[in-house]
Amino acid sequence: MREEYDRPRHDPALPDGDADGPDAPLGAERPDGPGAERPDGSLDLPDNWLLSHDPAWPEYPTDPGGDTGTDLPAAAFSAYPAVSYRDEAIGGAAAPPGLAADLLGPADERPSPRRTRLQRGIGKAFMIFGGTVVVLLLVYMVDLVSSIGDVPRGVSVAGVEVGGMPTAEAEAKLREELGPRLTDPMPVRAGDVTTQLDPADAGLGVDWAGTVEQAGNQPIDPISRVTSLFTSREIGVVTSADDDRLKEAVTRLAHSEIDHQVREGNVGFRTVTGQGTDPGTVEPFPIFPRQGQWLTDVDGAMHRIKSDWLAGNAVHLDVAVTEAKTSRDGVQQAVEQTEPLVSAPVTVKADDTSATLTPKHIADAMKHTPGQGGALQLTVDRASLQEVLAPQLRDTERTASDAEIVFAGSRPSVEPSEQGRTIDWERTFAPFITVAGKDGERTLDVVYEVQEPDVSTKDLRELGIKEVVGEFTTGGLGGAAARNVATMADAVTGAVVRPGETFRLSELTGPRTASQGYVEAPVNEDGTGPAVIGGGSSQLTSTLYNAAYGAGLKDAGHTPHETYLDRYPAGRDAVAVLPDGSSAELAFTNNMRNGIAVQVTTSGSDVTVRLWGTEQFDVSASTGERTDVQSPPVRRDNGPRCEATSGAEGFKVTDTRVVKERGSGRVVDRQSTAVTYDPVPRVVCGSRPSQGPRPTPRPDPVLPIVPGSDTRSQQVDRGGPRG
């Protein structure tokens, strides 16, 4: 066999005997001997020349005694893996001599070295690829057959690896490792709440066979089988559950622990105690916000629990969330802002008086509300601080006093008014935050507001109260009624009625109760009738009515007595208390150009009312004849305390008053008032006589009552009725 080797005809490695060298002209004669050119153009070289001159050929013999008679090491052939053979031995005959000539034959018969090497590389690659495919196919078939009936590789259930195991073994392993968890409380995480659910109470169990079955069968896809060697797949347990019990348990858990309203951030304060600590010392601490949340999807929560309850981790349930308006950073900043404000007391000074606000007082007044960007807005509750300071500073305030009419002598005088002052809390607390935030002196000055009186000295003097315009005196006062009259007189004396205003007795006296100084007394001024609180005080109201009557003031409402009392002019009386103990109103309107001042005095059994002002009217009065006279009925009394009385007639009478303007005589007012009095029963003590006719009672003579003629009632002629 001859080897064809691609080597240039004029190789620089030719023997040194080649005198021509590589640059000898083509066709030039070459010397005979090794390397001489033969007639066919080949070189006359020894058969082993090429191998002996190749760098890869070793210097030691590698095939001694071989059949070829030539040392042919394997390394030489490995150095030329792409050698091709032009002529093969025919019938196994040895190759003819002249190997070098065949190797260095004509150039046009030799293939390209680069193409030869590429062909050899492609062939080798196909051989490797084919072998690999065959090996992988064999491995796949063996793996497929050996894993029939097993759980797919890489499968885990609730953290327990069961991939590649037979189904029976997988089920047994799950029972062994997951069984104890069936009774353990299941951790649940919902929003910001971490809690637990009792599986038994929720009706939860495990379908072991179903759990293994849901892992599926071994995949046929070779890619999936290969990737399963390097990946894992978690599947949940197949839960056997009582849905009604589970729903009830989830709903109960949501209402009791998971659901809650949003909580805004705030600043809290804790009291600091201990040795060397001042009373009322506090320190602020943060109350961080909390989202509001509600478990709205109960069915979704049940599904999640069934799937993950044995996974070993907390089951996460979705909740609907309402975010707080404040943030943790905003709360922390508010705490830092608050710390200096409650670091020490604040002193509040008012003239020579001082009050103290302790840190606790300040903390109680601080209010934090959500602001912008998650911050807290600080405000101070002024009312809270005011409640602490007001008792300490009360003596520094003064109530304004009105100008008053006083009767120290025979004439009225004006007691001047005085300004008052009250603390202006709004202006006082305006710099509070700045003062409380100081490191050194923390003093707050009180700011006052001037309070003007309702009635000034000037106003009262301009009312023209200088003389008596109406006066009336009544007698017969005595007993417990005198105390009630005195109490009412104190409330009425000094009252000023401005022009156009209406005097109302109830506004001055208020409720006529025992707490106001009134006592029980017979309701009627003459000592008759039931005992009531304030009884007998009608004597003052009747006297006051007659004084206003004589001054020409306009009647604005009064109630006459039910029966006539001869201490008052007929038709001119007014009660203060009714037989049932309730109060009656007395009112008159000042129709003069000047003010009116009321003065009530008592002396012994007399009651006198004087109305002061400026005289403006002349008043005349006339009383009509008594009509519809009724004799008193007889009432017998057999009791041991019986007091016989003669009784009194009942009648109807009309009183007329004419008011004229003084000076001009112009009639200002004409008014007639009709009054009906009931008869007073005549009381007879003892039983009716058994014999003899009953004598006919003779009626008492009817005597006309002329104003001013009653010895127990006297009208003073000072602007009073005339005629």
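Here, each number is a calculation from the coordinates, and none is a lab measurement. The structure presented is a predicted model; accordingly, all values stated were derived computationally and were not measured. No Cβ is skipped: glycine too gets one built from the backbone with ideal geometry, and neighbour counts run over all protein chains shown.
What does the charge count around LEU341 come to, taking other residues whose C-beta lies under 14 Å from its C-beta (Lys +1, Arg +1, Asp -1, Glu -1)? The answer is -2.
Summing Lys, Arg as +1 and Asp, Glu as -1, what charge do residues with Cβ under 15 Å from the Cβ of ALA202 carry, ALA202 excluded?
-4
Near VAL151, the amide H atoms lying under 5 Å from its own belong to GLY164, MET165, THR167; only residues 5 or more places off or on other chains count, and H is placed 1.01 Å from N.
Pair-distance distribution of segment 315-367: all C-alpha pairs, bin width 5 Å, starting at 0; shares per bin in whole percent are 4, 14, 15, 14, 13, 10, 7, 7, 6, 3, 2, 2, 1, 1. Classify segment 590-654 as rounded, prolate or oblate, taking a ≥ b ≥ c as the square roots of the eigenvalues of its Cα gyration tensor: rounded when a/c is under 1.5, otherwise prolate if a/b is larger than b/c and oblate if not. Oblate, because a/c is 1.5 or more while a/b does not exceed b/c. In order along segment 345-351, the Karplus-derived 3J(HN,Hα) couplings, from 6.51 cos²θ - 1.76 cosθ + 1.60 at θ = phi - 60°, round to x, 10, 9, 10, 10, 9, 6 Hz, and Gly and Pro are given as x. Taking 0.36 nm per residue of separation and subtracting the Cα-Cα distance, full extension of the segment from ARG421 to THR369 would add 15.3 nm. Cross-link pairs exceeding 29 Å in C-alpha to C-alpha distance, out of LYS458/LYS554; LYS349/LYS458; LYS466/LYS652; LYS554/LYS652, comprise LYS349/LYS458; LYS466/LYS652. Note that segment 467-481 has calculated 3J(HN,Hα) couplings of 8, 7, 10, x, 8, 8, 10, 10, x, x, 6, x, x, 5, 4 Hz, one per residue in order, obtained from phi through the Karplus relation 6.51 cos²θ - 1.76 cosθ + 1.60 (θ = phi - 60°); glycine and proline are x.
Can you sort THR493, THR428 so the residue with the fewest Cβ neighbours within 10 Å comes first?
Final ranking by Cβ density, sparse to dense: THR493, THR428.
Charged neighbours of ARG290, selected by a Cβ distance under 13 Å, balance to -1 (K, R count +1; D, E count -1). Post the alpha-carbon centroid distance, segment 512-543 to segment 345-399, in whole angstrom. First find each Cα centre; the distance between them is then 50 Å. When HIS368, HIS255 are arranged by Cβ crowding within 10 Å, least crowded first, meaning fewest neighbours, the order is HIS255, HIS368. Label sites at PHE288 and GLU176, each approximated as a point 7 angstrom past Cα along Cα to Cβ, lie 4.4 nm apart. Straight-line cross-link partners of LYS173 among the lysines, defined as a Cα under 26 Å from its Cα and at least 8 positions apart when in the same chain: LYS306.
Between the amide H of SER240 and those of GLY205, VAL206, ASP207, distances stay under 5 Å, these residues lying 5 or more places away or on another chain, with hydrogens modeled in the peptide plane. Ordered by the number of other Cβ atoms lying within 10 Å of each residue's own Cβ, fewest first, LEU463, LEU118, LEU182 fall into the sequence LEU118, LEU182, LEU463.
Under 5 Å between amide hydrogens, built in the peptide plane, is the criterion, and for GLY470 it picks out LEU611 among residues at least 5 positions away or on other chains.
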